[in-house]
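Enquirer: Handing you this structure, nothing more for now.
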Amino acid sequence: MIKEDLAVPTAAQFLETLNSGDHLKLIREWRDVVFHTVFVKKHSGLELPMLYPVDEHQSFLASPDANEVQEALEGFALPDDADVFVKAEPLRELARNAHMLGAWLNWLGAEIIMNSSLMELFGMKALVTVEGGQEKLYQAKVYASPALNKKGPSANASAQIWNISQVVGGSDIQRSQEVMIYDDSKSIAFAENGGSILSSRKLSQLTADEAALFDKWAAPVYDFEALTQGEEKGSDSLIQDTYVPHPSLLDDALLNSFCELERAINNEIMPDASRLYLEVSKDQVFAEMEESGDDSLDRVEGRKFCILFEDHPEWCLLLGGDGLALTDFSDDVWLPSSTGRHEMPEPLRLKVVRAIAWTLFWKGREPGTRVSLIPGQFAGLKPFRPDNLNRIFHPPLDDTRFPVLASMPCGAQPMPVLVHGEIPEGYVVEALEDLKVQASDLPRGTPRRDSILVNDAVHFGSMCGPIVVPQTAIEFPDEWYTNARTSNTQLISDFKFFLQSQPRRKSAPGKDLDSPGVVIGICVGFMAFLLLLVVMLG
């Protein structure tokens with residue numbers, strides 16, 4: 001039942017229930033409450049919730065009080081051609097979309113932000129009374145098969161993993177089973193369960209209430225990605241689709257999801273070389289290759305490289321944290337040594353697009369989780385010396401197969417790496433996660449293995465410490481490229497925030513924004529709100 005005909009619930013009631021810590025009561029009393037949400041009508045009749053940035057997250061703007069939303073809209077200075085309206089949606093549906101897209105919900109007028117934990121609680125959990133009056137809690141994780149997902153978020157999910165718990169005494173839960181539910185009307189079903197063996201049930205075998213839950217959780221989410229297919233940018237120009245897929249080490253069948261993300265980055269972040277600049281600045285850096293007999297760690301004169309964006313002067317993308325020493329320049333180095341702004345080489349643009357896409361593709365493997373990057377994230381795009389190589393590696397601009405996401409098994413632990421290129425000794429790889437690997441677990445045949453060991457182990461850091469490994473040490477497991485991931489819309493949004501924060505990066509506040517039950521009170525300045533609103537409406 002949608003609670004639209006009842007008295008409008010208040011923020012005080014919500015906070016009282018939230019602070020009680022009774023999550024089941026939150027679900028019972030709030031999951032079906034109708035929230036009036038600010039929508040914008042886009043091109044071709046596309047209707048989407050307005051997105052507003054809050055603490056690095058995009059948020060929906062909504063309230064259970066329709067008058068409150070209308071009054072807020074009357075105070076907005078909207079462009080003449082903005083088609084803004086208010087649409088009623090149950091909280092469970094807003095929360096499901098927010099969870100799948102990695103967004104939050106901003107309760108207008110209440111200074112309440114519902115974060116990702118609450119979006120999962122309301123959107124992906126449900127209480128159902130089954131035969132005999134027994135109440136059960138259903139919790140779902142939704143998966144989609146790329147083979148059925150060629151149209152992006154509009155394709156139906158093909159499998160879900162449910163945790164089904166019995167509710168005892170109205171407030172206590174006892175976990176009873178974990179089961180994979182799959183749509184047996186389709187020819188392909190996909191689920192990734194971390195290697196555990198789950199029981200399974202067909203969609204056709206579910207009760208009517210359970211089947212209704214499956215269908216609701218499998219429904220398409222808001223199609224923000226459709227905006228890249230002709231959405232207006234500014235007042236009179238369109239985002240042009242200039243993306244051209246390039247060869248890869250992977251089979252084309254595994255690249256469907258990746259190519260859609262790479263297309264979005266190509267069109268929205270790195271449109272073409274004529275609108276990008278490579279800025280070269282003078283700085284003191286560590287040399288990749290030390291002079292013979294020189295054991296000092298003194299910095300020397302070098303160059304640092306930064307990509308600037310003509311359309312977004314506030315963005316900045318550094319190529320490698322420490323730059324390149326002048327002594328390391330040679331005929332093989334394609335980066336300019338003279339300071340100032342330079343034209344962006346098209347091959348470098350393509351290399352950057354692919355590096356960004358693969359990095360976000362891996363980091364977005366947990367749907368609904370915010371993607372975070374670190375300064376100097378793309379160090380592998382400039383010449384560098386791998387830790388176990390005695391010469392500089394020059395990323396091949398003309399080989400579009402690289403970089404590529406791969407797995408490097410280290411004992412029982414598979415390590416995600418970006419493969420940057422191929423040399424006679426093997427593949428040059430860069431770790432994507434922090435991982436301590438014992439010497440005995442390093443790939444067999446790793447060149448100069450002792451040079452990278454510290455206390456009989458290698459301490460791989462996020463996006464640092466590139467090494468060379470034999471080609472036989474690199475694997476490309478199919479499931480790494482076909483798993484469900486955070487929406488491209490949210491990945492692009494997270495990356496845009498990263499670009500904007502680079503020149504003046506600040507430490508994160510000392511609070512856990514994603515802990516269960518957290519509600520953040522935020523006072524939004526009226527003028528800042530209007531400015532951001534006008535910008536988002538174009």
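Enquirer: Scan the range 446-458 and tell me whether some residue there is within 17 Å of Lys363 (Cβ to Cβ) and among the aliphatic types (A, V, I, L, M).
Expert: Of the residues in the range 446-458, the ones within 17 Å of Lys363 (Cβ to Cβ) are none.
Checking the range 446-458: not a single residue is within 17 Å of Lys363 (Cβ to Cβ) and among the aliphatic types (A, V, I, L, M).
Enquirer: Identify the residue in the range 212-237 that is surrounded by fewer than 16 Cβ atoms within 10 Å (Cβ to Cβ), farther than 25 Å from Gly123 by Cβ and among the acidic types (Asp, Glu) and, among all such residues, is modelled with the lowest pLDDT.
Expert: Among those that are surrounded by fewer than 16 Cβ atoms within 10 Å (Cβ to Cβ), farther than 25 Å from Gly123 by Cβ and among the acidic types (Asp, Glu), it is Asp236.
The rows are residues; the columns are (1) assigned to a loop (DSSP other than H, G, I, E, B); (2) out of contact with any Pro (no Cβ under 7 Å at 6 or more places or on another chain); (3) aromatic (Phe, Trp, Tyr); (4) at pLDDT 90 or above.
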residue	(1), (2), (3), (4)
Pro386	yes, no, no, yes
Asp399	yes, yes, no, yes
Ser407	no, no, no, yes
His420	no, no, no, yes
Glu433	yes, no, no, no
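Enquirer: Sort out which residues of the range 401-433 are buried (at least 21 other Cβ atoms within 10 Å of the Cβ) and of a type in the set (D, E, K, R), and write them in order of number.
Expert: Within the range 401-433, just Glu430 meets the criteria.
Enquirer: Going by the conditions given, is Pro409 within 28 Å of Gln500 (Cβ to Cβ) and not aliphatic (A, V, I, L, M)?
Expert: Considered against the rule, which asks whether it is within 28 Å of Gln500 (Cβ to Cβ) and not aliphatic (A, V, I, L, M), Pro409 comes out as no.
Enquirer: Every residue in the range 336-390 that is free of Cβ contacts under 8 Å to residues at least 60 places away in the same chain and under 18 Å from Leu432 (Cβ atoms), please.
Expert: Across the range 336-390, the qualifying residue is only Lys351.
Enquirer: Give the residues of the range 18-60 that are modelled with pLDDT of 90 or more, open to solvent by 10 Å² or more (accessible area, probe 1.4 Å) and of a type in the set (S, T, N, Q), sorted by residue number.
Expert: Those that are modelled with pLDDT of 90 or more, open to solvent by 10 Å² or more (accessible area, probe 1.4 Å) and of a type in the set (S, T, N, Q): Asn19, Ser20.
Enquirer: Among the residues of the range 454-462, is any open to solvent by less than 40 Å² (accessible area, probe 1.4 Å), touching a helix residue (DSSP H, G or I) at 6+ places or on another chain (Cβ under 8 Å) and closer than 30 Å to Leu308 by Cβ?
Expert: Our first condition is that a residue be open to solvent by less than 40 Å² (accessible area, probe 1.4 Å); within the range 454-462, this holds for 457-458, 460-462.
After this cut, where a residue has to be touching a helix residue (DSSP H, G or I) at 6+ places or on another chain (Cβ under 8 Å) as well, the list is 457-458.
Restricting the remaining residues to those that are closer than 30 Å to Leu308 by Cβ gives none.
No, every residue in the range 454-462 fails to be open to solvent by less than 40 Å² (accessible area, probe 1.4 Å), touching a helix residue (DSSP H, G or I) at 6+ places or on another chain (Cβ under 8 Å) and closer than 30 Å to Leu308 by Cβ.
Enquirer: Taking the condition in contact with a helix residue (DSSP H, G or I) (Cβ under 7 Å, 6 or more places away or on another chain), farther than 17 Å from Tyr222 by Cα and surrounded by 17 or more Cβ atoms within 10 Å (Cβ to Cβ), does Ser63 pass?
Expert: Details: in contact with a helix residue (DSSP H, G or I) (Cβ under 7 Å, 6 or more places away or on another chain): yes; farther than 17 Å from Tyr222 by Cα: yes; surrounded by 17 or more Cβ atoms within 10 Å (Cβ to Cβ): yes.
Yes, satisfied.
Enquirer: Now for a different question. Any residue in the range 238-247 that is modelled with pLDDT under 85, hydrophobic (A, V, I, L, M, F, W, C) and part of a helix (DSSP H, G or I)?
Expert: Checking the range 238-247: not a single residue is modelled with pLDDT under 85, hydrophobic (A, V, I, L, M, F, W, C) and part of a helix (DSSP H, G or I).
Enquirer: Restricting to the range 468-478, count the residues that are touching a Gly at 6+ places or on another chain (Cβ under 9 Å) and open to solvent by 60 Å² or more (accessible area, probe 1.4 Å). Give the steps one after another, and end with the answer.
Expert: First, pick out the residues of the range 468-478 that are touching a Gly at 6+ places or on another chain (Cβ under 9 Å): 468-474.
From what is left, the residues that are open to solvent by 60 Å² or more (accessible area, probe 1.4 Å) are 471-472.
Of the residues in the range 468-478, 2 are touching a Gly at 6+ places or on another chain (Cβ under 9 Å) and open to solvent by 60 Å² or more (accessible area, probe 1.4 Å).
Enquirer: Is it the case that some residue within the range 196-211 is at pLDDT below 55 and hydrophobic (A, V, I, L, M, F, W, C)? Outline the logic, then answer.
Expert: Just the residues of the range 196-211 that are at pLDDT below 55, to begin with: 196-197.
This time we only want the ones that are hydrophobic (A, V, I, L, M, F, W, C), so: 197.
The answer is yes; a qualifying residue exists.
Enquirer: Checking Ser451 against (1) over 26 Å from Pro395 (Cβ atoms); (2) assigned to a helix (DSSP H, G or I): exactly one of these is not met. Which one?
Expert: (1)
Enquirer: If a residue counts only when it is modelled with pLDDT under 90, which strands (runs of 3 or more DSSP E) contained entirely in the range 297-379 have at least 3 such residues?
Expert: Details: elements: 300-309, 312-318, 340-343.
Of the strands (runs of 3 or more DSSP E) lying wholly inside the range 297-379, those with at least 3 residues that are modelled with pLDDT under 90 span 312-318.
Enquirer: Given (1) surrounded by 16 or more Cβ atoms within 10 Å (Cβ to Cβ); (2) at negative phi, where does Gly465 come up short, assuming only one miss?
Expert: All conditions pass for Gly465, except number (2).
Enquirer: If Pro414 satisfies all but one of (1) under 22 Å from the mean Cα position of the chain (by Cα); (2) without any contact (Cβ under 8 Å) to a residue 40 or more places away in the chain, what's the number of the condition it fails?
Expert: (2)
The values are calculated or read from the model by the stated rules, or taken from the named source; none is laboratory data. Quantities reported herein were computed from a predicted structural model and do not represent experimental measurements. Backbone-built Cβ (ideal geometry, glycine too); neighbour counts: all protein chains shown. Note: accessible area is taken over every heavy atom of the protein model, side chains too, but ligands, DNA and RNA are not part of it. Shrake-Rupley method; radii C 1.70, N 1.55, O 1.52, S 1.80 Å.
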